[in-house]
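I have placed the structure first, in the form of structure tokens, so that the comments after it can refer back to it.
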């Protein structure tokens, strides 16, 4: 049984929106930002520092991600905190990067034994 029979055909509108979501994530900086937000909420200042980019440029990337509903925000005083929108977005980011790890290596990093304790991935492979 093929995917269209198993899951039902998608409408043109759903496919067009999926293309837009993937287009937003098809940028190394935005994918790195999404990866950093997988497990924690961070401010634009924290994110800019971690990726080594200016705050205004980071903010522009986050605005595009927010418009695509990939991230959500919370205001606390003058700070705006960013987090992944939902579990679907989280899984999309993980699956995309893990898929590429399989393309790049016979033994992807996520299949290698841990040296000691849990491993925290620092960014997309």
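We did not get these values from a lab; they are worked out from the coordinates using the rules stated. Here the structure is a predicted model, which means the values were calculated and not measured. So basically every Cβ, Gly included, is an ideal-geometry build from the backbone, and we count neighbours across all protein chains shown.
Model label points for residue 15 and residue 41, set 7 angstrom from Cα along the Cα-to-Cβ axis, are 3.9 nm apart.
Which order do the peptides 76-88, 27-39 take when ranked by the mean count of other beta-carbon atoms within 10 Å per residue, highest first?
Working: 76-88: 13.7, 27-39: 18.9.
Descending mean neighbour count gives 27-39, 76-88.
Applying 1/(1 + (r/R0)^6) with R0 = 35 Å to the Cβ-Cβ distance of residue 99 and residue 74 gives a FRET efficiency near 0.70.
With 0.36 nm allotted per residue and the present C-alpha distance subtracted, the residue 27-residue 106 stretch has 25.9 nm of extension available.
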